[in-house]
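What follows is a single structure, written as structure tokens, with notes after it.
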Amino acid sequence: MNARTRGRVLGWVVTLLTVAGAAFVLLPYFWMISSSFKTQDAIFRLPLEWMPRAPRWQNYPAALGRFPFGTYFFNSTVMALAVMAGNLFFGSLAAYGLAKFRFPLRELCFRAMLSTLMLPLEILLVPTFLVVRQLGLLDSYGGLIIPLAVDAFGIFLMRQYITDLPDSLIEAARLDGCTEFGIYWRIVLPNCRPALAALAVLSFRENWDQFLWPLVIISKEALKTFPLGLAQFEGFHSASYHEMMAAAAVGMIPMILLFLLFQRAFVRGLTLTGLKE
Amino acid sequence: MSNGLPSVPVSLPQARTAARPFGLTYANRLRLAGFLFVLPALFHFALFKFYPMAQALLLSFFRYDLMSSPEFTGLGNYRALYENPLFHQALGVSVKYTLGVAIPEWFLALGLALLLNRAMPGRGLIRLAYFLPIAMSQIVVALVWKFLYHPHGLVNGLLAAVGIGRINWLSEEMTALPALIAIGVWRGAPLFAVVYLAGLQAIPRDYYEAAAMDGAGLWQRFRWITLPLLRPTMLFVMVMSLLMAMKVFTNPLVMTEGGPNGTTRVLPYFIYETGFAFFRMGEAAAASSILFGLALLFTLVQFRLLRRGLA
């Protein structure tokens, strides 16, 4: 065997290993979906039943009928969209101010904002709860949305992008008599579409998924989010794994759709912040 | 502004200052505009980050149960934590979990990125497969893995095929935390692989070609080109992976409720329990302050280490 054939064989072996790894990573999803179509007895049967013998579609309506999942789904979507809108608007606004203007204490402002990356809700749980209670926002959409509506990650991501926009673009608009807000709205925003898309996808993903915050401030059934609903399902019907997997599979749909449709924006969002110092 | 042509930016604004709205000079108006753009975000951070942080510190010196008014206890809450074996346990569990998830992630993510950066048939699809766990929602991950770890679940089913007996993963003190750590790595490694992949793609091809021409082998090229140029990416990955692992909450709550015997009760779970199940808000705030100190420590140590590495 000469060096070239050996190299090619090695290449194929590595490729096969990569594919096997991918299969391993995807196995939990496969098992979830397969189990969601089985009977309760079949999900724990040995030898393992990789494909359901006769798919039980009725698991889905049965699972979703146990709780008002439509309401939960709606609430999660409202929360994720509203938080996303806040992140996009206030994040890009602040990022523009930080990237293209000079004013006293600007660096300090930026550093202070960035330092809040180390203050996630998990750490500030108790005091944030108390602030939201003082504002009378417990058990409300406002309480779900407002504390999360501005995020340091978004500002950081947008600032990286806006810094690279040419100053001449902004100055030209200024010379044409555009107002300062008009420059932001009509020149800066349209020019950061890629960054905005990336932030939108990441923000929607993260907030559709919020669990701890709604858990702490929401007790009304009508305001519960999908993750709370799923946890509740687990608490009440912990033995019905076949139905639980059906409900979980439905909960996965928005994420998968988002990911498949906006894969590039997703990846760009993760890399925009990591590439540069 | 600083384009080396002082006459242009000076003369243009002068034309505009003639009107002087609000009696401000042009330069000051720009400063004000910049500040006003930042103001809404600054206000939000003041209300939902800095004020709560200050309040948490303050509250950590009070006894407070949400009903009666707060009562000053000095260092009482910290002393209570110091004397509480459950807190010591939670601190230890958090450190074990955080390092147990983050350190394997650093290596696996880099390895995965190197694999996925190669040319191979169907690369797009393979990448997609690896990246799907990123899109997965926390709670779905928790439920699916609880099902997989079930005594009669898939993990034991697969192990039975190679002759390993049934293990009750989530109810044994020995296996519960490692089981949760495995999930954290499974979910986090692909995420950081994406970041590394972008870092790898930013390295110019010519460097490798020139090095290969000079007879550098695979390892040498990795050691002297890839590694040094990936430093900024590495710093980002290290800090973010630690911070992410440190705030884990959903999995311990949904999968083990902190058990068995507190072996999976991480600090965020301890804080949640102390505050919202036992209504000891002051003590929860004290524990929060300690968790924050830990986050700060991890971040600072890493900046130090990597700065030194760069120099």
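The values are calculated or read from the model by the stated rules, or taken from the named source; none is laboratory data. Please read these numbers as outputs of a predicted model, since none were measured by experiment. As a convention, Cβ positions derive from the backbone with ideal geometry for all residues, glycine included, and neighbour counts pool all protein chains shown. Calculation scope for accessible area: heavy atoms of the full protein, side chains included, ligands and nucleic acids excluded. Shrake-Rupley method; radii C 1.70, N 1.55, O 1.52, S 1.80 Å.
With respect to the cross-link table entries A:LYS220/B:LYS146; A:LYS100/B:LYS247; A:LYS38/B:LYS96; B:LYS49/B:LYS146, which display a Cα-Cα separation exceeding 29 Å?
Numbers: A:LYS220/B:LYS146 27 Å; A:LYS100/B:LYS247 34 Å; A:LYS38/B:LYS96 37 Å; B:LYS49/B:LYS146 34 Å.
Result: A:LYS100/B:LYS247; A:LYS38/B:LYS96; B:LYS49/B:LYS146 exceed 29 Å.
So if I place +1 on the C-beta of Lys and Arg and -1 on the C-beta of Asp and Glu, and nothing else carries charge, what would the dipole magnitude of segment B:100-219 be about its Cα centre? I want it in debye, nearest 20. Walk me through the numbers before you get to the answer.
Details: 7 positive and 6 negative charges, 77 e Å.
The calculation lands at about 380 debye.
Calculate for chain A the 222 nm mean residue ellipticity that helices alone would give, adding -39,500 (n - 2.57) per DSSP H run of length 4 or more and normalising by residue count, nearest 500 deg cm²/dmol.
On the way: 14 runs with 188 residues, N = 277.
The per-residue figure over chain A is -21500 deg cm²/dmol.
Please state the charge dipole magnitude for chain B, taken about the Cα centre, from unit charges on C-beta atoms (+1 on K and R, -1 on D and E), reported in debye and rounded to the nearest 20.
Details: 24 positive and 12 negative charges, 209 e Å.
Here chain B has a charge dipole of around 1000 debye.
GNM on chain A, C-alpha springs below 10 Å: top fluctuator among A:ALA198, A:ALA20, A:ALA80?
A:ALA20
Could you give me the ³J(HN,Hα) list for segment A:248-253, computed from phi with Karplus coefficients 6.51, -1.76, 1.60 and θ = phi - 60°, whole Hz, x at Gly and Pro?
Once rounded to whole Hz, the list reads 5, 4, 5, x, 7, 4.
Whole angstrom only: what separates the Cα centroid of segment B:78-147 from the Cα centroid of segment B:238-283?
Result: 16 Å between the Cα centres.
In the protein assembly as shown, if the dipole is taken from +1 on Lys/Arg beta carbons and -1 on Asp/Glu beta carbons about the Cα centre, which of B:ALA142, B:HIS88, A:ALA95 is farthest to the positive end?
In the protein assembly as shown, that residue is A:ALA95.
For a test of the definition: using alpha carbon positions, the gyration tensor, and the 1.5 limit on a/c, classify segment A:151-275 as rounded, prolate or oblate.
Note, shape of segment A:151-275 comes out prolate.
With heavy atoms of protein chains only and a 1.4 Å probe, what residues of segment A:221-238 have at least 40 Å² less accessible area in the full set of chains than alone?
SASA drop of 40 Å² or more in segment A:221-238: A:LEU230, A:GLU234.
Between helix A:69-100 and chain A, what is the angle of the helix's C-alpha long axis to the longest principal axis, kept within 0 to 90° and rounded to the nearest 10?
30
For segment A:30-151, calculate the relative contact order in percent as a whole number, restricting contacts to Cα pairs under 8 Å that are 6 or more residues apart. Working shown, then result.
Values: 51 pairs, mean separation 34.1, N = 122.
Averaging sequence separation for qualifying contacts and normalising by length gives 28 percent for segment A:30-151.
Can you compute the charge dipole magnitude of the protein assembly as shown about its Cα centre, using +1 on each Lys and Arg Cβ and -1 on each Asp and Glu Cβ, nothing else charged? Give it in debye, rounded to the nearest 20. Can you show the working numbers first?
Values: 47 positive and 29 negative charges, 289 e Å.
For the protein assembly as shown, the charge dipole is close to 1380 debye.
Quote the relative contact order of chain B in percent (integer), defining contacts as alpha-carbon pairs under 8 Å separated by 6+ residues. Display every interim value, and only then the final one.
On the way: 303 pairs, mean separation 84.1, N = 311.
It comes to 27 percent, rounded to a whole number.
Among the helices of chain B (complete DSSP H runs), which have Cα atoms covering no less than 30 Å along the helix axis and a Kyte-Doolittle mean of at least -0.5? All intermediate terms of the calculation are to be shown ahead of the outcome.
Numbers: long enough: B:85-117 (47 Å, 1.16); B:176-201 (38 Å, 1.52); B:281-310 (43 Å, 1.15).
For chain B, where a helix must reach 30 Å along its axis and average at least -0.5, the hits are B:85-117, B:176-201, B:281-310.
In Å² (nearest 100), what accessible area is buried between B and A, both sides summed, heavy protein atoms only, 1.4 Å probe?
Numbers: alone 19140 and 16460 Å², together 27150 Å².
Counting protein atoms only, the buried area is about 8500 Å².
With every protein chain left in place, what is the accessible area of B:PHE72 in Å² (1.4 Å probe, nearest 10)?
140
Can you find, among B:LEU110, B:GLY74, B:ILE290, the residue sitting farthest towards the positive end of the charge dipole of chain B, where Lys and Arg contribute +1 and Asp and Glu -1 at Cβ?
B:LEU110
Per DSSP H run of at least 4 residues, take -39500 (n - 2.57); add these up for chain B, divide by its residues and hand me the 222 nm value, nearest 500 deg cm²/dmol. Before the final figure, lay out the partial values.
Numbers: 14 runs with 208 residues, N = 311.
-22000 deg cm²/dmol, from helical runs alone.
Checking the a/c ratio against 1.5 first, then a/b against b/c, what shape does the Cα gyration tensor give for the protein assembly as shown? All intermediate terms of the calculation are to be shown ahead of the outcome.
Details: a/c = 1.70, a/b = 1.21, b/c = 1.41.
Judged from the Cα gyration tensor, the protein assembly as shown comes out oblate (a/c at least 1.5, b/c at or above a/b).
Determine the order of B:TRP106, A:TRP185 by accessible area, beginning with the largest, at a probe radius of 1.4 Å. Walk me through the numbers before you get to the answer.
Working: B:TRP106 45, A:TRP185 130 Å².
The residues order as A:TRP185, B:TRP106, largest area first.
Find which of A:ILE123, A:TYR241, A:SER219 sits farthest along the positive direction of the dipole of the protein assembly as shown, computed with +1 on the beta-carbon of Lys and Arg, -1 on that of Asp and Glu, about the Cα centre.
It is A:ILE123.
Percent of Cα-Cα pairs per 5 Å bin, from 0 to the last occupied bin, for segment A:118-195, please list those.
3, 12, 17, 15, 11, 10, 12, 11, 7, 2
If you take the beta carbon distance between B:ALA216 and B:ILE103 as r and set R0 to 30 Å, what does 1/(1 + (r/R0)^6) give as a FRET efficiency, to the nearest 0.05?
Values: r = 29 Å, r/R0 = 0.96.
So, using R0 = 30 Å, E works out to roughly 0.55.
With every protein chain left in place, what is the accessible area per residue of the protein assembly as shown in square angstrom, probe 1.4 Å? Provide the component values of the computation, followed by the final result.
Details: 27150 Å² over 588 residues.
Per residue, the protein assembly as shown has 46 Å² of solvent-accessible surface.
Using only Cα atoms, locate the centre of segment A:182-199 and the centre of segment A:9-71, then give the distance between them in Å, rounded to an integer.
Cα centres, segment A:182-199 to segment A:9-71: 41 Å.
Using amide H atoms built in the peptide plane, which far-off residues or other-chain residues are under 5 Å from B:PHE62 H to H?
Amide H neighbours of B:PHE62, under 5 Å, 5+ apart: B:THR73.
Report A:CYS109's accessible area, 1.4 Å probe, all protein chains in place, as a number in Å² to the nearest 10.
20
Once you average over the residues of B:255-268, how many Cβ atoms of partner chains fall within 10 Å of each Cβ?
Values: counts 1, 0, 0, 0, 0, 0, 0, 0, 0, 0, 0, 1, 2, 6.
Partner-chain Cβ atoms within 10 Å, mean over residues of B:255-268: 1.
Can you tell me how chain A classifies by the Cα gyration tensor, rounded, prolate or oblate, using a/c under 1.5 as the rounded cut?
Numbers: a/c = 2.57, a/b = 1.34, b/c = 1.92.
Oblate shape, in that a/c is at least 1.5 and b/c is the bigger or equal ratio.
Which order do B:HIS150, A:HIS242 take by accessible area at a 1.4 Å probe, largest first?
Details: B:HIS150 45, A:HIS242 10 Å².
From most accessible down to least: B:HIS150, A:HIS242.
DSSP loop (so not H, G, I, E, B), at most 11 other Cβ within 10 Å: list which chymotrypsin sites (Phe, Trp or Tyr not before Pro) in segment A:40-125 pass both filters.
Values: sites: A:PHE44, A:TRP50, A:TRP57, A:PHE69, A:TYR72, A:PHE73, A:PHE74, A:PHE89, A:PHE90, A:TYR96, A:PHE101, A:PHE110; in loops: A:TRP50, A:TRP57, A:PHE101.
Passing both the DSSP loop test and the Cβ count: A:TRP50, A:TRP57.
Pairs of Cα atoms under 8 Å, at least six residues apart: use those to get the relative contact order of segment B:53-100, whole percent. Show your work: numbers first, answer last.
Values: 26 pairs, mean separation 11.2, N = 48.
Contact order relative to length: 23 percent.
Share of the protein assembly as shown's accessible area from carbon and sulfur, percent, 1.4 Å? The partial results should precede the final answer.
Values: 18060 of 27150 Å².
Exposed carbon and sulfur together represent 67 percent of the surface.
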